[in-house]
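Report on one structure; see the data block that follows.
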Amino acid sequence: MKKFAALSALCLSLTAALPAFADPAPVPDAAQAQSLRDAVRNDRKAVVLKSLQLDEAQTKKFVPVYEAYERELLALNRQFTRMSVEFVSVGDKPTNAQSKYFSRGYLGYVDAEQKLYKKYHPRVVKAIGEVGAARFLSVERRIRALQDYDLWI
């Protein structure tokens, strides 16, 4: 019970602290969102680096870590894209077995994505510190939210 209370307190404190790391930027309009989509598609690393506003020394430490992360993320996203295309090709009436297969695939993807964040978080902290690592997670989640939104429109 004490572990649950401590974990709950930690989660609550982290949740309360996250807005402090978020940019106070207003919600982008459609043109801004499209511009960001295009920028991410063309050079995701440049978007991340611009958002983090790192100095030269931090950038030198961060870029190799980010490139390794990005390679793994790209491989993971390819698997998810294949699964999504496969699900769409099933049509409007998938069987229970097909639905179960795709649900497990999606949940596995979500787990793998979280494991990837956890794997690279200590490396990012070492490269750019805790504040930079929190900003990095924020930027990555925003990019991911935009990509998720694009899947459904």
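Observations
- Net lengthening on full extension, GLN79/TYR149 (0.36 nm per residue, minus Cα-Cα): 23.4 nm
- log10 of Debye I(q)/I(0), alpha-carbon scatterers only, for region 83-148 at 0.28, 0.29 Å⁻¹: -1.17, -1.20
- Among LEU74, LEU146, sorting on how many other beta-carbon atoms sit within 10 Å of each Cβ, with the fewest leading, yields LEU74, LEU146.
- Per-q log10 I(q)/I(0), region 41-140, q = 0.23 Å⁻¹ (Debye; single scatterer per alpha-carbon; no solvent): -1.16
We did not get these values from a lab; they are worked out from the coordinates using the rules stated. In this text, all values refer to a predicted model and were calculated from it rather than measured experimentally. Heads up, the Cβs are rebuilt from the backbone with ideal geometry, glycines too, and the neighbour counts pull from every protein chain shown.
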